[in-house]
Structure formats: structure tokens, C-alpha cells
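Inspection log for the structure reproduced underneath, given as C-alpha cells.
The values are calculated or read from the model by the stated rules, or taken from the named source; none is laboratory data. Everything quoted here is computed from the prediction, not taken from an experiment. Note that we place each Cβ from the backbone using ideal geometry, even for glycine, and neighbour counts take in every protein chain shown. To get the accessible areas, we keep the full protein, side chains included, count just its heavy atoms, and leave off ligands, DNA and RNA. Shrake-Rupley method; radii C 1.70, N 1.55, O 1.52, S 1.80 Å.
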Amino acid sequence: MPEHDIIIIGGGPGGYVAAIRAAQLGFNVACVEEDPVLGGTCLRIGCIPSKALLESSQRFREAKEDFGKHGIRASEITLDLGAMLQRKVQVVSILTRGVESLFKKNKITRYLGHGRIDGPGRVIVSSSREQTELSAKSTIIATGSKPATLQGIELDGNRIGTSTEALAYSEVPGHLVVIGAGYIGVELGSVWRRLGAKVTILEFLDRILFGLDAEIAAEAKKLLEKQGLEFRLGCKVTGARVKNGQCVVDCEGAEPIVCDRVLVAVGRVPNTEHLGLESVGIELHKKGYIPVNEHFATSAEGIYAIGDVITGPMLAHKAEEEGIACVEYLATGYGHVNYDAIAAVVYTHPEIGSVGKTEEQLKEAGIDYRKGAFPFRGNARARTLGQVDGIIKILADAKTDRILGVHILGPHAGDLINEAATAISFGASSEDLARTCHVHPTLGEALREAALGVAGRAIHI
């Protein structure tokens, strides 16, 4: 029976990063992954392929609609969807091979197969050819999540499917119906709208992008509607099926919607099935999560869990931070994640970046705050880019001026939000950010202006 210091079940962002950090700390590490390719959902069929398509589809849209504004004339712009999809595959392939090389560099033992806990300190790896029994003092569960669905929806893995299928449509749908107006729904809806599809997004709630700051989400909805996305809010979907070669979506109190394809994007659920948790007495939360303490330890000695299988936002970088903190705790007795400084990004156009508390959360908690805001239309760099839609909003404690939340709708928000996350991580005030000299002309100046706005002294508005 092969023996290791740490066995990690799952080779996604949380699992493979934890494995690398553990190896750096001197542990004998094994990683069990049932897919032949490392990287997990995020790298193989999630974050990375979707961002590749978002980038390609946005360039296609700009070539058709915006190049003329820059004095660039093209007689005919055509779509080669096959080449676009192939580029996506190549991007994924390069990155997955990179993870494999990092495993070799750090001397991490990789087991191909399904990992299942079989009592304290034991993991059984099952593949199509054999079973291998492993032992270790510590086991980390990092098996991620899978798409959720709705009752009454008949997924067929083709016409009615999840984000996995929507990343590889062989042709642009005439009419795509997206069920769910969260991150995945608006991102993939944007991809296919840019490429020519009619896109209708159905959402049960009365708003899109639940969890983001409501003001920012409302502004984003207006911009997305200008791009041709159709939203139907307060819409309860009761069923979806294929009938006579077309998809039919049933909505409570409304006429059925006939379309070409359906994307079900109603969130994700923890992937905790068939892990043998009962063999060590671990009971799941009613929502399927694995309960852990502040050091990611489960109720079973020597068993830990990170990423999408525990509570918190289902974000790859959150899983990475937890993986690092978990193995550092095993090595040093200390490991910490500052959840207030974990940002989130929606890769629409313009992008949306968010970190810390929203206005709604601050009001609900009764925290007195001040707000500074600055529109991108007042930023010189945004003007030169031709991307002036959007706003930056900074929320700071009314007494201490400590930054509590930053919310950005605008160009390159996903990059700008990292500065805000750093500020929150180090307990910076809005005055700290306002007093930091930012390069001109850059988009970062808009962040500084929003910080100046907290004290009512923005310069360029």
C-alpha cells in the first residue's frame, strides 16, 4: 500500500495548487484525479474555455461594429466558428500541460481514477483497470462542484444542456434561451449574442447577477440590453424539453418559448457523491456542503476539505487560497484566508469586478458608511479606448474611513479589482488610495477618483 503524507482528492485549482504548495513545504504528496487531464472544471470546461470564447467573440463584435471608429476599414468580416473553438481548445491544452509539468517539477505522485475514502487514513483509487489502496496521515477533499438543474428540465447533453455543451456548439443557434441570469448565464449568453444568436435570459428573481451590488447589477443590465440580450425577470421555469426538433421552455403564467437551444445556468452544487464520507462519519450539510472548521478540518480526524465542496463563493481563486492555507496549517499550525478580500469578476463587456461588502450588506448590518463614485466617461484612458460605459464605487466606514467594498463596472474591471482587493487586505482607508499617485493616463486613475469621491473631492467630475 503506497504511503504518503498528504492525499488530495481532486486535481482542480484547489487540489493542484494545494498539492504544489504541500510539496514545496516538504510533504510527500499524492493527487487523485479521475479525469486524464489535470486542471478540473475551471481549466478544462469552465473558466478558461469560457474566457477564451468571450475574448474571441468580443473581438469579432468589435471588428464588425467598432473598428470603423478607429479609421480601420474592412470590406467583409466573417465568422469561422470552427477556428474560434479550436483556439479555445489550444488555450486549454497549453495550460493543462503546464499543470502536468508542475506536478513533475514538484515530484507530486498523480493517481488516475476515482478517489474514495475507506476509513481513517485510507483512500481507494478506482480506475477502469485496477484498484489502488493508498494511506496518508492527512487527506484533503477538493472535488469541486457540478452544474445544478431544475425539476422538469430534461437535459439531453445536446440541445438542452449546461455550460459544458454551450462552450462547444457546432453552429450559432438561431435562438438561445438561457435559464439563469448569474455569472455563467450572462457570460455565455453574451458570447452567442455577439456571434449572431438571439438570446433570451430567464431569471426567477427580479434582478440579474444576484450577490453583486444591486446598483452595479442594474447598470450592467442596461448595458447588456443595449447589446441585444433580452431579460425576462420574475420568470419561473417549469420545464424544458425537445419536441418536433425544437426546444420548448415552459414558464409559469406565460406562453411556452420555442427556441433552438437551451442553456441551463442555475448555479452549481458541491460534488460530494461517492466519496466514502460515511466511512469516517462525515455528515453533509443539508445543501450538500462538507462542514469544516476555520482550519478546513472536517468532523473526522485527518480529513480536510476546500473549495466548492465547502461553504462560500464557488470561485477558483478562493479554492486556491484555501488549498494553500490548509497545507500551510498542516505544516506550521497556521493558515488563514481573508474572505473579505476575495474578489469576483463577471467577464461581460464591460467587465464587472467586486470585492468586499455591497451597499445592501452594509445597510442590513447597520454599518454607517460613505460612498465615492466615479464614471469612466471622466477617465482619459477610457476615452482613448473608446470604452466609457460604467462606474467605480467605493464604500468606506464612516468613522474609520477603512475601505469596506469596491464595485467596478467598466473596462478591465477584472484587473482593476485586484488593487482594491489588496487595499482591503491591508486594511487601507479611502484616503490611502486617494493619496497614492496613479500613472496617467490609466484606468486606475478612475479608482483613485472614486476614493477621492468618498470625501467629496474628486477632481475630474
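Filtered by the rule that a residue be closer than 18 Å to L155 by Cβ, open to solvent by 50 Å² or more (accessible area, probe 1.4 Å) and in contact (Cβ under 8 Å) with a residue 40 or more places away in the chain, region 224-248 gives T238, R241, V242.
For region 1-32, the set of residues classified as of a type outside the set (A, V, I, L, M) and outside any loop (DSSP other than H, G, I, E, B) consists of E3, H4, D5, P13, G14, G15, Y16, R21, Q24, C31, listed by residue number. Residue pairs whose Cβ atoms lie under 7 Å apart, sitting 6 or more positions apart in sequence or on different chains, and linking a residue in region 415-429 that is touching a residue at least 24 places away in the same chain (Cβ under 8 Å) and within 14 Å of T442 (Cβ to Cβ) to a partner that is aliphatic (A, V, I, L, M) and outside any loop (DSSP other than H, G, I, E, B), are L416/I408; L416/L447; E419/L447. Kindly evaluate K221 against the criterion of being part of a helix (DSSP H, G or I) and in contact (Cβ under 8 Å) with a residue 12 or more places away in the chain. In short, yes. Among the residues making up region 129-159, those that are farther than 30 Å from A30 by Cβ and in a loop (DSSP other than H, G, I, E, B) are A148, T149, L150, Q151, G152, E154, L155, D156, G157, N158, R159. Within region 126-157, being within 30 Å of V249 (Cβ to Cβ), among the small types (G, A, S) and crowded, with 16+ Cβ neighbours inside 10 Å holds for G144, S145. Does A300 satisfy the condition of being in contact with a Gly (Cβ under 7 Å, 6 or more places away or on another chain), buried (at least 16 other Cβ atoms within 10 Å of the Cβ) and in a loop (DSSP other than H, G, I, E, B)? Yes. Every condition in (1) without any contact (Cβ under 8 Å) to a residue 60 or more places away in the chain; (2) closer than 26 Å to E165 by Cβ; (3) within 25 Å of the chain's Cα centre (by Cα) is met by S101 except one, and the failing one is (2). In the condition set (1) surrounded by 24 or more Cβ atoms within 10 Å (Cβ to Cβ); (2) under 27 Å from G182 (Cα atoms); (3) of a type in the set (V, I, T), T311 is compliant with all but (1).
Scanning region 33-56 for residues that are free of Cβ contacts under 8 Å to residues at least 12 places away in the same chain and part of a helix (DSSP H, G or I) turns up at least one hit.
Return the residue satisfying two criteria in turn: it lies in region 170-216 and is out of contact with any strand residue (DSSP E or B) (no Cβ under 7 Å at 6 or more places or on another chain) and open to solvent by less than 10 Å² (accessible area, probe 1.4 Å), and of such residues it is farthest from I408 (Cα to Cα). Step by step, filter region 170-216, then rank; the result is V191. Would you check if T442 is polar (S, T, N, Q) and more than 25 Å from L223 (Cβ to Cβ)? The answer is no for T442.
Per the listing G312, G333, the residue uniquely over 23 Å from the mean Cα position of the chain (by Cα) and at positive phi is G333. Just so you know, in region 283-296 the residues that are free of Cβ contacts under 8 Å to residues at least 24 places away in the same chain and closer than 22 Å to A148 by Cβ include one that is most open to solvent (accessible area, probe 1.4 Å), and it is K286. A single member of L176, L167, L155 is at pLDDT below 95 and of a type in the set (A, V, I, L, M), and it is L155.
Residues in region 128-163 that are hydroxyl-bearing (S, T, Y) and in contact (Cβ under 8 Å) with a residue 40 or more places away in the chain: T132, S135, S138, T139, T143, S145, T149, T162, S163. Being more than 30 Å from I77 (Cα to Cα), open to solvent by less than 40 Å² (accessible area, probe 1.4 Å) and of a type outside the set (D, E, K, R) is a property that C259 lacks. For region 93-125, filtering for residues that are polar (S, T, N, Q), outside any strand (DSSP E or B) and open to solvent by 40 Å² or more (accessible area, probe 1.4 Å) leaves 2. Scanning region 346-377 for residues that are among the hydroxyl-bearing types (S, T, Y), touching a residue at least 40 places away in the same chain (Cβ under 8 Å) and touching a strand residue (DSSP E or B) at 6+ places or on another chain (Cβ under 7 Å) returns S354, T358. When region 76-98 is examined, which residues are found to be polar (S, T, N, Q) and either over 30 Å from G276 (Cβ atoms) or in contact (Cβ under 8 Å) with a residue 60 or more places away in the chain (or both)? Residues satisfying the conditions are T78, Q86, Q90, S93. Can R116 be described as farther than 26 Å from C47 by Cα and touching a residue at least 12 places away in the same chain (Cβ under 8 Å)? Answer is yes for this residue. Residues of region 60-97 being farther than 30 Å from G39 by Cβ and of a type in the set (F, W, Y), which ones? F67 - this is the single residue of region 60-97 that is farther than 30 Å from G39 by Cβ and of a type in the set (F, W, Y). Taken across region 325-343, residues that are aromatic (F, W, Y) and surrounded by 19 or more Cβ atoms within 10 Å (Cβ to Cβ) do not occur at all.
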